[in-house]
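Take a look at the structure set out below.
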Ligand code: BG6
(Lines give C-alpha, C1' and ligand atoms only; values in the text may rest on other atoms or scores of the structure.)
Protein backbone atom coordinates (compact mmCIF):
# COMPACT_ATOMS: atom_id res chain seq x y z
CA UNK A 1 0.00 0.00 0.00
CA UNK A 2 1.31 3.44 -0.91
CA UNK A 3 1.45 5.54 2.26
CA UNK A 4 0.95 9.22 2.31
CA UNK A 5 4.01 10.33 4.30
CA UNK A 6 3.67 13.68 5.93
CA UNK A 7 6.47 16.11 6.40
CA UNK A 8 5.83 17.97 9.63
CA UNK A 9 7.28 19.30 12.86
CA UNK A 10 5.76 17.89 16.03
CA UNK A 11 6.43 19.91 19.15
CA UNK A 12 5.59 18.29 22.47
CA UNK A 13 5.18 20.66 25.38
CA UNK A 14 5.35 18.64 28.58
CA UNK A 15 7.62 16.33 26.60
CA UNK A 16 9.17 14.89 29.74
CA UNK A 17 5.88 14.10 31.42
CA UNK A 18 4.25 10.75 32.01
CA UNK A 19 1.93 10.95 28.97
CA UNK A 20 4.76 11.81 26.63
CA UNK A 21 6.92 8.88 27.70
CA UNK A 22 4.11 6.37 28.13
CA UNK A 23 2.00 7.18 25.07
CA UNK A 24 3.18 9.92 22.71
CA UNK A 25 6.75 8.77 22.11
CA UNK A 26 5.75 5.11 21.57
CA UNK A 27 3.01 6.30 19.17
CA UNK A 28 5.45 8.48 17.22
CA UNK A 29 8.00 5.66 17.16
CA UNK A 30 5.41 3.41 15.50
CA UNK A 31 4.16 6.10 13.11
CA UNK A 32 7.71 6.77 12.04
CA UNK A 33 8.61 3.10 11.61
CA UNK A 34 5.38 2.26 9.85
CA UNK A 35 6.17 4.92 7.26
CA UNK A 36 3.49 7.48 8.16
CA UNK A 37 5.96 10.27 8.87
CA UNK A 38 8.38 11.60 6.33
CA UNK A 39 11.91 10.80 7.63
CA UNK A 40 12.71 14.52 7.57
CA UNK A 41 9.89 15.26 10.01
CA UNK A 42 11.11 16.47 13.37
CA UNK A 43 9.85 15.53 16.83
CA UNK A 44 10.80 18.30 19.19
CA UNK A 45 10.59 17.65 22.92
CA UNK A 46 10.12 20.76 24.99
CA UNK A 47 11.91 20.09 28.27
CA UNK A 48 11.72 22.22 31.39
CA UNK A 49 15.26 21.40 32.47
CA UNK A 50 18.49 21.69 30.49
CA UNK A 51 19.46 18.51 28.76
CA UNK A 52 22.02 17.72 26.08
CA UNK A 53 21.00 16.03 22.84
CA UNK A 54 22.83 12.85 23.90
CA UNK A 55 21.11 12.77 27.29
CA UNK A 56 17.78 13.23 25.57
CA UNK A 57 18.36 10.36 23.14
CA UNK A 58 19.45 8.12 26.04
CA UNK A 59 16.31 9.04 27.99
CA UNK A 60 13.95 8.34 25.07
CA UNK A 61 15.74 5.03 24.48
CA UNK A 62 15.26 4.08 28.13
CA UNK A 63 11.58 5.06 28.14
CA UNK A 64 10.75 3.33 24.86
CA UNK A 65 12.29 0.10 26.06
CA UNK A 66 10.24 0.48 29.24
CA UNK A 67 6.90 1.24 27.61
CA UNK A 68 7.01 -0.74 24.36
CA UNK A 69 6.56 -4.48 24.37
CA UNK A 70 9.94 -6.22 23.84
CA UNK A 71 8.92 -7.46 20.39
CA UNK A 72 7.98 -3.92 19.34
CA UNK A 73 11.35 -2.33 20.04
CA UNK A 74 14.09 -2.67 17.49
CA UNK A 75 17.60 -1.17 17.81
CA UNK A 76 17.94 -0.55 14.07
CA UNK A 77 14.57 1.15 13.87
CA UNK A 78 15.43 3.25 16.90
CA UNK A 79 18.62 4.41 15.17
CA UNK A 80 16.45 5.79 12.34
CA UNK A 81 13.83 7.23 14.69
CA UNK A 82 16.46 8.99 16.76
CA UNK A 83 17.46 11.09 13.70
CA UNK A 84 14.09 12.81 14.06
CA UNK A 85 14.44 13.68 17.76
CA UNK A 86 15.34 17.14 19.02
CA UNK A 87 15.18 18.72 22.46
CA UNK A 88 14.86 22.35 23.55
CA UNK A 89 14.52 23.82 27.02
CA UNK A 90 11.66 26.21 27.67
CA UNK A 91 10.22 27.68 30.82
CA UNK A 92 6.59 28.17 29.74
CA UNK A 93 6.12 31.58 31.35
CA UNK A 94 9.44 33.08 30.24
CA UNK A 95 9.20 34.34 26.66
CA UNK A 96 12.98 34.67 26.31
CA UNK A 97 13.40 30.95 26.97
CA UNK A 98 11.54 30.07 23.72
CA UNK A 99 14.50 31.24 21.56
CA UNK A 100 15.92 27.73 21.02
CA UNK A 101 12.52 26.49 19.88
CA UNK A 102 12.03 29.50 17.61
CA UNK A 103 15.40 28.98 15.98
CA UNK A 104 14.56 25.37 15.24
CA UNK A 105 11.05 26.06 13.91
CA UNK A 106 12.14 29.05 11.82
CA UNK A 107 14.33 26.71 9.78
CA UNK A 108 11.13 25.42 8.13
CA UNK A 109 8.46 28.10 8.45
CA UNK A 110 6.17 26.57 5.77
CA UNK A 111 6.04 23.15 7.31
CA UNK A 112 2.92 21.55 8.81
CA UNK A 113 3.36 22.14 12.52
CA UNK A 114 1.71 20.30 15.35
CA UNK A 115 1.98 21.74 18.87
CA UNK A 116 0.95 19.13 21.42
CA UNK A 117 0.22 20.73 24.80
CA UNK A 118 0.64 17.79 27.13
CA UNK A 119 0.72 20.08 30.15
CA UNK A 120 -1.63 21.12 32.92
CA UNK A 121 -4.46 23.22 31.40
CA UNK A 122 -3.14 26.26 33.33
CA UNK A 123 -0.34 26.53 30.75
CA UNK A 124 -2.46 26.32 27.58
CA UNK A 125 -2.96 30.07 27.40
CA UNK A 126 0.58 31.21 28.08
CA UNK A 127 2.09 28.73 25.64
CA UNK A 128 -0.36 29.64 22.85
CA UNK A 129 0.15 33.33 23.47
CA UNK A 130 3.94 33.11 23.47
CA UNK A 131 3.99 31.03 20.28
CA UNK A 132 1.84 33.69 18.65
CA UNK A 133 3.93 36.63 19.87
CA UNK A 134 7.05 34.95 18.52
CA UNK A 135 5.44 34.43 15.11
CA UNK A 136 5.41 30.66 15.53
CA UNK A 137 1.70 30.22 14.80
CA UNK A 138 1.42 29.86 11.04
CA UNK A 139 -1.56 28.86 8.86
CA UNK A 140 -0.03 25.36 8.86
CA UNK A 141 -0.03 25.19 12.68
CA UNK A 142 -2.32 23.04 14.80
CA UNK A 143 -2.57 22.89 18.56
CA UNK A 144 -3.57 19.78 20.49
CA UNK A 145 -5.06 20.31 23.94
CA UNK A 146 -4.99 17.39 26.36
CA UNK A 147 -8.06 16.72 28.43
CA UNK A 148 -9.43 17.80 30.81
CA UNK A 149 -9.89 21.25 29.34
CA UNK A 150 -10.16 23.20 32.59
CA UNK A 151 -11.71 21.93 35.78
CA UNK A 152 -15.18 23.42 35.31
CA UNK A 153 -17.23 25.34 32.76
CA UNK A 154 -15.81 28.68 33.80
CA UNK A 155 -12.15 27.69 33.46
CA UNK A 156 -12.86 25.74 30.24
CA UNK A 157 -14.48 28.83 28.69
CA UNK A 158 -11.56 30.95 29.76
CA UNK A 159 -9.02 28.55 28.26
CA UNK A 160 -10.99 28.16 25.05
CA UNK A 161 -11.47 31.89 24.58
CA UNK A 162 -7.78 32.58 25.26
CA UNK A 163 -6.49 29.84 22.93
CA UNK A 164 -8.95 31.07 20.28
CA UNK A 165 -7.16 34.42 20.29
CA UNK A 166 -4.11 32.72 18.80
CA UNK A 167 -5.47 29.70 16.90
CA UNK A 168 -8.65 29.38 14.85
CA UNK A 169 -11.16 26.74 15.97
CA UNK A 170 -10.23 24.61 12.95
CA UNK A 171 -6.61 24.58 14.18
CA UNK A 172 -7.56 23.39 17.68
CA UNK A 173 -7.70 19.65 18.43
CA UNK A 174 -9.14 18.84 21.86
CA UNK A 175 -8.09 15.29 22.46
CA UNK A 176 -9.97 12.56 24.28
CA UNK A 177 -7.94 9.46 23.60
CA UNK A 178 -10.95 7.19 24.11
CA UNK A 179 -12.21 8.36 20.72
CA UNK A 180 -9.03 7.04 19.13
CA UNK A 181 -9.56 3.50 20.41
CA UNK A 182 -10.50 1.10 17.67
CA UNK A 183 -13.21 -0.52 19.78
CA UNK A 184 -14.76 2.86 20.50
CA UNK A 185 -14.91 3.74 16.81
CA UNK A 186 -16.47 0.34 16.30
CA UNK A 187 -19.53 1.48 18.28
CA UNK A 188 -20.43 3.71 15.33
CA UNK A 189 -19.74 0.90 12.88
CA UNK A 190 -21.92 -1.47 14.89
CA UNK A 191 -24.79 0.96 15.20
CA UNK A 192 -24.79 2.54 11.78
CA UNK A 193 -23.76 -0.25 9.46
CA UNK A 194 -26.08 -2.96 10.82
CA UNK A 195 -29.77 -2.56 10.19
CA UNK A 196 -30.78 -5.12 12.82
CA UNK A 197 -30.01 -2.72 15.68
CA UNK A 198 -31.85 0.23 14.18
CA UNK A 199 -35.41 -0.62 15.34
CA UNK A 200 -34.18 -1.89 18.72
CA UNK A 201 -32.07 1.07 19.77
CA UNK A 202 -34.56 3.04 21.87
CA UNK A 203 -36.69 3.26 25.00
CA UNK A 204 -39.23 0.79 23.59
CA UNK A 205 -36.68 -2.00 23.67
CA UNK A 206 -33.81 -1.03 25.94
CA UNK A 207 -34.18 -1.27 29.73
CA UNK A 208 -30.95 0.49 30.63
CA UNK A 209 -27.35 1.07 29.53
CA UNK A 210 -24.23 0.55 31.68
CA UNK A 211 -20.86 2.09 30.97
CA UNK A 212 -17.97 0.95 33.15
CA UNK A 213 -14.34 2.02 32.96
CA UNK A 214 -12.59 0.26 35.83
CA UNK A 215 -8.84 0.40 36.37
CA UNK A 216 -6.74 -1.70 38.70
CA UNK A 217 -3.91 0.84 38.56
CA UNK A 218 -3.80 3.80 40.90
CA UNK A 219 -2.64 7.34 40.28
CA UNK A 220 0.74 6.21 38.86
CA UNK A 221 2.79 9.03 40.36
CA UNK A 222 0.42 11.77 39.10
CA UNK A 223 -0.68 12.76 42.60
CA UNK A 224 -0.30 16.50 42.02
CA UNK A 225 -2.61 16.42 39.00
CA UNK A 226 -5.04 13.74 40.11
CA UNK A 227 -5.77 15.13 43.53
CA UNK A 228 -6.94 18.38 41.93
CA UNK A 229 -9.25 16.57 39.52
CA UNK A 230 -10.57 13.22 40.78
CA UNK A 231 -12.63 10.61 38.92
CA UNK A 232 -15.39 12.98 37.82
CA UNK A 233 -13.11 15.46 36.08
CA UNK A 234 -10.47 12.93 34.99
CA UNK A 235 -12.76 10.27 33.52
CA UNK A 236 -16.52 10.87 33.67
CA UNK A 237 -16.73 14.39 32.21
CA UNK A 238 -14.75 13.32 29.16
CA UNK A 239 -14.11 9.62 28.44
CA UNK A 240 -17.38 8.22 29.79
CA UNK A 241 -19.42 11.11 28.42
CA UNK A 242 -17.97 10.49 24.96
CA UNK A 243 -18.88 6.79 25.20
CA UNK A 244 -22.39 7.76 26.31
CA UNK A 245 -22.68 10.09 23.31
CA UNK A 246 -21.68 7.39 20.85
CA UNK A 247 -24.28 5.00 22.28
CA UNK A 248 -27.05 7.58 22.53
CA UNK A 249 -26.61 9.86 19.53
CA UNK A 250 -28.84 9.96 16.47
CA UNK A 251 -27.30 8.75 13.20
CA UNK A 252 -25.13 11.55 11.78
CA UNK A 253 -25.83 12.38 8.13
CA UNK A 254 -22.21 11.51 7.23
CA UNK A 255 -18.86 10.84 8.84
CA UNK A 256 -17.93 14.47 8.34
CA UNK A 257 -16.49 15.91 11.56
CA UNK A 258 -19.24 18.43 12.19
CA UNK A 259 -21.98 15.99 11.34
CA UNK A 260 -20.77 13.59 14.04
CA UNK A 261 -20.03 16.31 16.55
CA UNK A 262 -23.43 17.97 16.00
CA UNK A 263 -25.13 14.74 17.04
CA UNK A 264 -22.91 14.26 20.09
CA UNK A 265 -23.51 17.75 21.35
CA UNK A 266 -27.29 17.26 21.07
CA UNK A 267 -26.98 14.32 23.48
CA UNK A 268 -24.91 16.35 25.94
CA UNK A 269 -27.48 19.12 25.86
CA UNK A 270 -30.25 16.61 26.53
CA UNK A 271 -28.70 15.32 29.76
CA UNK A 272 -31.15 15.98 32.56
CA UNK A 273 -29.64 18.47 35.01
CA UNK A 274 -29.59 17.08 38.55
CA UNK A 275 -31.35 18.68 41.51
CA UNK A 276 -29.83 18.34 45.00
CA UNK A 277 -32.21 15.42 45.63
CA UNK A 278 -31.06 13.77 42.39
CA UNK A 279 -27.42 14.19 43.33
CA UNK A 280 -28.07 12.49 46.63
CA UNK A 281 -30.00 9.60 45.05
CA UNK A 282 -28.25 9.19 41.73
CA UNK A 283 -24.57 9.78 42.40
CA UNK A 284 -21.91 7.98 44.41
CA UNK A 285 -18.37 9.17 45.06
CA UNK A 286 -15.76 7.20 46.92
CA UNK A 287 -12.07 6.95 47.71
CA UNK A 288 -10.13 3.69 47.89
CA UNK A 289 -8.80 2.41 51.20
CA UNK A 290 -6.06 -0.17 51.55
CA UNK A 291 -6.74 -3.60 50.14
CA UNK A 292 -5.11 -6.02 47.77
CA UNK A 293 -5.00 -6.55 44.02
CA UNK A 294 -3.84 -9.83 42.50
CA UNK A 295 -2.71 -10.94 45.94
CA UNK A 296 -0.49 -7.88 46.45
CA UNK A 297 -1.23 -5.42 49.27
CA UNK A 298 -2.19 -1.94 48.06
CA UNK A 299 -2.06 1.13 50.34
CA UNK A 300 -5.07 3.45 50.54
CA UNK A 301 -5.27 6.69 48.55
CA UNK A 302 -4.68 8.77 51.65
CA UNK A 303 -1.43 6.95 52.24
CA UNK A 304 -0.09 8.57 49.05
CA UNK A 305 2.43 11.36 49.22
CA UNK A 306 0.81 14.34 51.01
CA UNK A 307 -2.70 12.88 50.59
CA UNK A 308 -3.50 12.36 54.31
CA UNK A 309 -6.37 14.86 54.25
CA UNK A 310 -7.43 14.47 50.64
CA UNK A 311 -11.12 14.46 49.89
CA UNK A 312 -10.72 13.61 46.20
CA UNK A 313 -12.89 10.83 44.78
CA UNK A 314 -11.12 7.96 43.04
CA UNK A 315 -14.45 6.38 42.11
CA UNK A 316 -17.69 7.79 40.81
CA UNK A 317 -20.96 6.16 39.80
CA UNK A 318 -24.01 7.92 38.47
CA UNK A 319 -27.44 7.39 37.00
CA UNK A 320 -27.79 9.68 34.01
CA UNK A 321 -31.08 10.47 32.29
CA UNK A 322 -31.38 11.74 28.75
CA UNK A 323 -34.40 13.88 28.07
CA UNK A 324 -35.29 13.17 24.47
CA UNK A 325 -37.75 10.97 22.58
CA UNK A 326 -35.39 8.08 21.99
CA UNK A 327 -34.19 7.67 25.57
CA UNK A 328 -37.12 8.77 27.68
CA UNK A 329 -37.07 6.69 30.89
CA UNK A 330 -33.90 4.71 30.04
CA UNK A 331 -31.25 5.08 32.77
CA UNK A 332 -27.61 5.25 31.70
CA UNK A 333 -25.47 4.00 34.60
CA UNK A 334 -21.88 5.21 34.52
CA UNK A 335 -19.04 4.21 36.82
CA UNK A 336 -15.30 4.59 36.84
CA UNK A 337 -12.68 4.04 39.47
CA UNK A 338 -9.05 3.43 40.22
CA UNK A 339 -7.61 0.49 42.15
CA UNK A 340 -10.56 -1.71 41.36
CA UNK A 341 -10.60 -5.49 41.18
CA UNK A 342 -9.62 -5.64 37.54
CA UNK A 343 -9.13 -3.53 34.46
CA UNK A 344 -12.41 -3.68 32.64
CA UNK A 345 -14.07 -1.24 30.28
CA UNK A 346 -17.38 -2.23 28.81
CA UNK A 347 -20.71 -0.98 27.60
CA UNK A 348 -23.74 -3.11 28.33
CA UNK A 349 -27.01 -2.57 26.50
CA UNK A 350 -29.64 -4.35 28.56
CA UNK A 351 -32.79 -5.06 26.58
CA UNK A 352 -36.29 -5.34 28.06
CA UNK A 353 -37.79 -8.70 28.89
CA UNK A 354 -40.13 -10.48 26.47
CA UNK A 355 -43.73 -9.23 26.83
CA UNK A 356 -45.05 -12.69 27.74
CA UNK A 357 -43.22 -15.92 28.45
CA UNK A 358 -44.57 -19.23 27.21
CA UNK A 359 -41.78 -21.08 29.00
CA UNK A 360 -42.53 -20.27 32.63
CA UNK A 361 -44.48 -23.48 33.27
CA UNK A 362 -41.40 -25.39 32.32
CA UNK A 363 -39.53 -23.96 35.30
CA UNK A 364 -37.46 -21.66 33.13
CA UNK A 365 -36.64 -18.08 33.87
CA UNK A 366 -35.84 -15.96 30.89
CA UNK A 367 -32.87 -13.64 31.20
CA UNK A 368 -33.07 -10.43 29.23
CA UNK A 369 -30.94 -10.05 26.11
CA UNK A 370 -27.76 -8.06 26.55
CA UNK A 371 -25.34 -6.63 24.08
CA UNK A 372 -21.96 -6.44 25.81
CA UNK A 373 -19.32 -4.33 24.08
CA UNK A 374 -15.99 -4.99 25.81
CA UNK A 375 -13.43 -2.29 25.13
CA UNK A 376 -10.49 -3.44 27.24
CA UNK A 377 -8.50 -5.39 28.21
CA UNK A 378 -10.21 -7.85 25.88
CA UNK A 379 -12.04 -6.58 22.83
CA UNK A 380 -15.23 -8.36 22.01
CA UNK A 381 -18.88 -7.91 21.23
CA UNK A 382 -21.31 -10.45 22.62
CA UNK A 383 -25.03 -10.72 22.23
CA UNK A 384 -26.56 -12.75 25.05
CA UNK A 385 -29.52 -14.78 23.82
CA UNK A 386 -31.81 -17.45 25.23
CA UNK A 387 -31.43 -20.84 23.61
CA UNK A 388 -32.87 -24.34 24.05
CA UNK A 389 -30.73 -26.77 26.01
CA UNK A 390 -30.18 -29.58 23.51
CA UNK A 391 -31.67 -32.95 24.36
CA UNK A 392 -34.84 -35.05 24.53
CA UNK A 393 -36.16 -33.80 27.86
CA UNK A 394 -39.97 -33.57 27.80
CA UNK A 395 -39.67 -30.12 29.34
CA UNK A 396 -38.23 -27.50 27.01
CA UNK A 397 -35.31 -26.15 29.04
CA UNK A 398 -33.60 -22.87 28.23
CA UNK A 399 -30.17 -21.39 28.84
CA UNK A 400 -28.49 -18.10 28.04
CA UNK A 401 -25.69 -18.34 25.49
CA UNK A 402 -23.33 -15.84 23.93
CA UNK A 403 -23.34 -15.00 20.28
CA UNK A 404 -19.84 -13.68 19.63
CA UNK A 405 -20.14 -10.92 17.08
CA UNK A 406 -16.53 -10.02 17.03
CA UNK A 407 -13.76 -12.13 18.43
CA UNK A 408 -10.97 -10.28 16.60
CA UNK A 409 -8.46 -13.09 16.72
CA UNK A 410 -5.83 -11.23 14.88
CA UNK A 411 -2.13 -11.28 15.49
CA UNK A 412 -1.35 -7.97 13.80
CA UNK A 413 -0.37 -5.16 16.13
CA UNK A 414 -3.32 -2.91 16.92
CA UNK A 415 -2.33 0.74 16.78
CA UNK A 416 -2.72 2.61 20.04
CA UNK A 417 -5.35 5.36 20.26
CA UNK A 418 -2.65 8.02 20.24
CA UNK A 419 -1.24 6.78 16.93
CA UNK A 420 -4.62 7.18 15.28
CA UNK A 421 -5.20 10.59 16.84
CA UNK A 422 -1.74 12.01 16.12
CA UNK A 423 -2.09 10.90 12.53
CA UNK A 424 -5.52 12.53 12.32
CA UNK A 425 -4.07 15.85 13.54
CA UNK A 426 -1.26 15.58 11.01
CA UNK A 427 -3.87 14.92 8.30
CA UNK A 428 -6.12 17.74 9.61
CA UNK A 429 -9.05 15.44 10.36
CA UNK A 430 -10.91 16.67 13.47
CA UNK A 431 -13.72 14.06 13.51
CA UNK A 432 -12.37 12.25 16.58
CA UNK A 433 -11.69 15.43 18.56
CA UNK A 434 -14.00 17.40 20.79
CA UNK A 435 -15.47 20.64 19.57
CA UNK A 436 -15.67 23.65 21.86
CA UNK A 437 -19.43 23.28 22.41
CA UNK A 438 -19.08 19.59 23.34
CA UNK A 439 -16.56 20.34 26.05
CA UNK A 440 -18.68 23.14 27.42
CA UNK A 441 -21.92 21.15 27.40
CA UNK A 442 -20.22 18.30 29.28
CA UNK A 443 -18.85 20.71 31.91
CA UNK A 444 -22.19 22.46 32.30
CA UNK A 445 -23.79 19.17 33.28
CA UNK A 446 -20.89 17.94 35.43
CA UNK A 447 -20.51 21.25 37.29
CA UNK A 448 -23.89 20.87 38.96
CA UNK A 449 -22.87 17.50 40.39
CA UNK A 450 -19.44 18.74 41.44
CA UNK A 451 -21.06 21.69 43.22
CA UNK A 452 -23.40 19.30 45.05
CA UNK A 453 -20.44 17.16 46.08
CA UNK A 454 -18.55 20.23 47.26
CA UNK A 455 -21.58 20.95 49.50
CA UNK A 456 -21.41 17.37 50.72
CA UNK A 457 -24.86 16.50 49.34
CA UNK A 458 -23.41 13.04 48.67
CA UNK A 459 -21.01 12.01 51.42
CA UNK A 460 -17.68 10.50 50.37
CA UNK A 461 -17.74 6.70 50.67
CA UNK A 462 -14.83 4.33 50.93
CA UNK A 463 -14.06 1.11 49.10
CA UNK A 464 -11.35 -1.43 49.58
CA UNK A 465 -8.71 -1.47 46.86
CA UNK A 466 -9.20 -4.56 44.71
CA UNK A 467 -13.01 -4.58 44.86
CA UNK A 468 -15.78 -3.46 42.48
CA UNK A 469 -16.27 -0.19 44.36
CA UNK A 470 -18.39 0.86 47.34
CA UNK A 471 -21.63 -0.92 48.19
CA UNK A 472 -23.44 2.36 47.53
CA UNK A 473 -22.70 1.90 43.83
CA UNK A 474 -24.44 -1.47 43.90
CA UNK A 475 -27.35 0.14 45.70
CA UNK A 476 -27.49 2.84 43.01
CA UNK A 477 -28.61 0.31 40.39
CA UNK A 478 -30.41 -2.12 42.72
CA UNK A 479 -32.80 0.65 43.79
CA UNK A 480 -33.98 0.71 40.16
CA UNK A 481 -34.21 -3.09 39.98
CA UNK A 482 -30.99 -3.44 37.93
CA UNK A 483 -27.56 -4.94 38.63
CA UNK A 484 -24.05 -4.31 37.32
CA UNK A 485 -22.69 -6.80 34.83
CA UNK A 486 -19.96 -8.00 37.25
CA UNK A 487 -18.83 -11.61 37.14
C1 LIG B 1 -6.50 9.22 31.23
C2 LIG B 1 -6.65 9.51 32.70
O3 LIG B 1 -7.16 10.17 30.46
O4 LIG B 1 -7.02 7.92 30.96
C5 LIG B 1 -5.98 8.46 33.54
O6 LIG B 1 -6.09 10.79 32.98
C7 LIG B 1 -6.48 7.07 33.17
O8 LIG B 1 -6.20 8.69 34.92
C9 LIG B 1 -6.38 6.86 31.66
O10 LIG B 1 -5.68 6.12 33.84
C11 LIG B 1 -7.05 5.57 31.25
O12 LIG B 1 -6.81 5.33 29.90
P13 LIG B 1 -6.82 3.85 29.30
O14 LIG B 1 -6.65 4.07 27.83
O15 LIG B 1 -5.69 3.12 29.95
O16 LIG B 1 -8.15 3.28 29.67
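Can you tell me which residue among 337, 304, 329 is in contact (Cβ under 8 Å) with a residue 24 or more places away in the chain and more than 16 Å from the ligand (Cβ to nearest atom)? Working first, answer last.
Working: 337 fails: more than 16 Å from the ligand (Cβ to nearest atom); 304 fails: more than 16 Å from the ligand (Cβ to nearest atom).
Criteria check complete, one pass: 329.
Can you spot a residue in segment 186-201 that is within 16 Å of the ligand (Cβ to nearest atom) and either in a helix (DSSP H, G or I) or out of contact with any strand residue (DSSP E or B) (no Cβ under 7 Å at 6 or more places or on another chain) (or both)? It would help to see each step written out before you state the result.
Narrowing segment 186-201 to residues within 16 Å of the ligand (Cβ to nearest atom): 186-187.
Add one more test, that the residue is either in a helix (DSSP H, G or I) or out of contact with any strand residue (DSSP E or B) (no Cβ under 7 Å at 6 or more places or on another chain) (or both), and what stays is 186-187.
Yes.
In segment 166-177, which residues are within 11 Å of the ligand (Cβ to nearest atom) and surrounded by fewer than 23 Cβ atoms within 10 Å (Cβ to Cβ)? Lay out the reasoning, then the answer.
Of the residues in segment 166-177, the ones within 11 Å of the ligand (Cβ to nearest atom) are 175-177.
The answer is 177, and nothing else.
Is segment 341-356 home to any residue that is at pLDDT 85 or above, crowded, with 16+ Cβ neighbours inside 10 Å, away from the ligand (no atom under 16 Å from the Cβ) and in a loop (DSSP other than H, G, I, E, B)?
Step one: list which residues in segment 341-356 are at pLDDT 85 or above, which gives 341-356.
Within this subset, residues satisfying the condition of being crowded, with 16+ Cβ neighbours inside 10 Å are 341, 344-351.
From what is left, the residues that are away from the ligand (no atom under 16 Å from the Cβ) are 348-351.
Then keep just the ones that are in a loop (DSSP other than H, G, I, E, B); that gives none.
Checking segment 341-356: not a single residue is at pLDDT 85 or above, crowded, with 16+ Cβ neighbours inside 10 Å, away from the ligand (no atom under 16 Å from the Cβ) and in a loop (DSSP other than H, G, I, E, B).
Consider residue 84 carefully, then state whether it is farther than 28 Å from residue 436 by Cα, within 30 Å of the chain's Cα centre (by Cα), touching a residue at least 40 places away in the same chain (Cβ under 8 Å) and surrounded by 17 or more Cβ atoms within 10 Å (Cβ to Cβ).
So residue 84 fits the description; yes.
Can you tell me how many residues within segment 143-158 are surrounded by fewer than 22 Cβ atoms within 10 Å (Cβ to Cβ) and either over 22 Å from the mean Cα position of the chain (by Cα) or part of a helix (DSSP H, G or I) (or both)?
So the count comes out to 5.
Considering only segment 142-160, how many residues are closer than 17 Å to residue 430 by Cα and more than 16 Å from the ligand (Cβ to nearest atom)?
Pass one, segment 142-160, residues closer than 17 Å to residue 430 by Cα: 142-147, 149, 160.
Of the ones still in play, those that are also more than 16 Å from the ligand (Cβ to nearest atom) are 142-143, 160.
Qualifying residue count, segment 142-160: 3.
Among (1) surrounded by 15 or more Cβ atoms within 10 Å (Cβ to Cβ); (2) farther than 28 Å from residue 222 by Cα, where does residue 103 come up short?
It fails just one condition, (1).
Do we find a residue being away from the ligand (no atom under 12 Å from the Cβ), part of a helix (DSSP H, G or I) and at negative phi anywhere in segment 204-226? Show your work before the answer.
Going through segment 204-226, the residues away from the ligand (no atom under 12 Å from the Cβ) turn out to be 204-211, 224.
In the following step, the residues that additionally are part of a helix (DSSP H, G or I) were identified as 224.
Now restrict to residues that are at negative phi: 224.
Yes, there is a match, as at least one residue in segment 204-226 is away from the ligand (no atom under 12 Å from the Cβ), part of a helix (DSSP H, G or I) and at negative phi.
Against the definition (in contact (Cβ under 8 Å) with a residue 12 or more places away in the chain and within 11 Å of the ligand (Cβ to nearest atom)), how does residue 234 come out, yes or no?
So residue 234 passes the test.
With respect to the numbered conditions (1) at pLDDT below 95; (2) touching a strand residue (DSSP E or B) at 6+ places or on another chain (Cβ under 8 Å), which one is the sole condition not fulfilled by residue 120?
(2)
Given the structure, is residue 240 crowded, with 20+ Cβ neighbours inside 10 Å, in contact with a helix residue (DSSP H, G or I) (Cβ under 8 Å, 6 or more places away or on another chain) and at pLDDT 95 or above? Break it down into steps so the answer makes sense when it comes.
Numbers: crowded, with 20+ Cβ neighbours inside 10 Å: yes; in contact with a helix residue (DSSP H, G or I) (Cβ under 8 Å, 6 or more places away or on another chain): no; at pLDDT 95 or above: yes.
Judged against the criteria, residue 240 is not a match.
Which numbered condition trips up residue 460, out of (1) over 30 Å from residue 68 (Cβ atoms); (2) free of Cβ contacts under 8 Å to residues at least 40 places away in the same chain; (3) out of contact with any helix residue (DSSP H, G or I) (no Cβ under 7 Å at 6 or more places or on another chain)?
Failed condition: (2).
For residue 287, indicate whether it is closer than 30 Å to residue 122 by Cα, within 16 Å of the ligand (Cβ to nearest atom) and in contact with a helix residue (DSSP H, G or I) (Cβ under 7 Å, 6 or more places away or on another chain).
Here the answer is yes, as residue 287 does meet what is asked.
Select from segment 360-378 the residues that are farther than 27 Å from residue 329 by Cβ and part of a loop (DSSP other than H, G, I, E, B) and write down the one among them that is farthest from the ligand (Cβ to nearest atom). Write out each step before concluding.
As a first pass, look at segment 360-378 and keep what is farther than 27 Å from residue 329 by Cβ: 361-364, 376-378.
Cutting the leftovers down to part of a loop (DSSP other than H, G, I, E, B) gives us 363-364, 377-378.
Working: 363: 42, 364: 39, 377: 9, 378: 13 Å.
Taking the candidates together, the pick is 363.
Mind checking which residues of segment 101-123 are away from the ligand (no atom under 16 Å from the Cβ), within 21 Å of residue 170 (Cβ to Cβ) and not in a loop (DSSP other than H, G, I, E, B)?
Of everything in segment 101-123, those that are away from the ligand (no atom under 16 Å from the Cβ), within 21 Å of residue 170 (Cβ to Cβ) and not in a loop (DSSP other than H, G, I, E, B) turn out to be 105, 112, 113, 114, 115.
The values are calculated or read from the model by the stated rules, or taken from the named source; none is laboratory data. Everything numeric here is computed off the predicted structure, so don't read it as measured data. Counting neighbours? That spans all protein chains shown, and the Cβs are built from the backbone with ideal geometry, glycine included.
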